[in-house]
Amino acid sequence: MRTGSDPHGFAYDRTMVSWREFTESAPQFAATVRIGLESGPYALLGSIRSDGFPRISGVIVTFSDHELWVGMPADSIKTGDLAREPRMSLHSSVSASPTAQGDVKLHGRAVVVSEDDAEFVRFVDAVGRDVPPDTLAVFRIDVHDAAQVRLSEARDRHLIESWRAGQRGTLTRQDHP
């Protein structure tokens, strides 16, 4: 397992896998994470600002060709965040009422996809509309870990299912709210 540190000295594990590798490792859980990220009009993207503090922004996630992508305006602040520091989080839309689906979250790295890359064309095809390349920034998301938190059927505890790169299958634990 490779580790590194960020500019602030915090150690972190850099093991990442593609969305395809995640779905091969934990297919049912990857499907749950995908449903969660696609459940609302936007997912929440957590990026790291230039001062080291977090930023939360709404983004549309796109799944196609066994990849997970996010696209955003090329000149947006969140684009600059990800270009400078690719570590990020995606979180499902948050509902005011608890659901059986619960919340899902994913941590990973945003990899810039150049407009000259065939992957950029696949992204544009997947979103189903023509977008001038100079107005759009596209990032492929490599996955470090993912989790789902939901209420038990009795609504008396949280059920937490998680997966991490390099792990086959998922781990489940219970916690009292």
In deg cm²/dmol, rounded to the nearest 500, the helical mean residue ellipticity at 222 nm of the chain, built from -39500 (n - 2.57) for every DSSP H run of length 4 or more, is -5500 deg cm²/dmol
Which residue fluctuates the most in the chain, going by a Gaussian network model with Cα springs under 10 Å, if the choices are LEU136, LEU45, LEU106?
LEU136
Expressed in nanometres to one decimal, the distance between label points 7 Å along Cα→Cβ at SER50 and GLN174 is 5.0
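Subtract the Cα-Cα distance of ASP117 and ILE35 from 0.36 nm times their separation in residues, and report this length gain in nm to one decimal.
Numbers: separation 82, 0.36 × 82 = 29.52 nm, distance 2.74 nm.
Here the segment from ASP117 to ILE35 would lengthen by 26.8 nm.
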Convert each backbone phi in the stretch 131-144 into a coupling constant with the Karplus relation 6.51 cos²θ - 1.76 cosθ + 1.60 (shift: θ = phi - 60°), then list the ³J(HN,Hα) values in order as whole Hz, x for Gly and Pro.
10, x, x, 6, 9, 10, 10, 10, 10, 8, 9, 8, 9, 9
Tell me which residues come under 5 Å, amide H to amide H, from GLY166 once H is placed; ignore anything under 5 positions away on its chain.
none
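Note the direction-averaged projected area, equal to a quarter of the hull surface, for the Cα convex hull of the stretch 13-175, in nm². Walk me through the numbers on the way to the answer.
Details: hull surface 40.4 nm².
Mean shadow area of the hull around the Cα atoms is 10.1 nm².
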Can you give me the C-alpha center-to-center distance between the stretch 11-57 and the stretch 115-176, rounded to a whole angstrom?
4
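Would you kindly state how much longer the chain becomes between ASP65 and ARG20 on full extension, computed as 0.36 nm times their sequence separation minus their alpha carbon distance, in nm to one decimal? Before the final figure, lay out each step's value.
Values: separation 45, 0.36 × 45 = 16.20 nm, distance 0.87 nm.
This chain segment gains 15.3 nm when fully extended.
Here, each number is a calculation from the coordinates, and none is a lab measurement. From a predicted model like this one, the values you see are computed outputs, not experimental measurements. For neighbour counting, all protein chains shown are included, and Cβ atoms are generated from backbone atoms with ideal geometry for every residue, glycine included.
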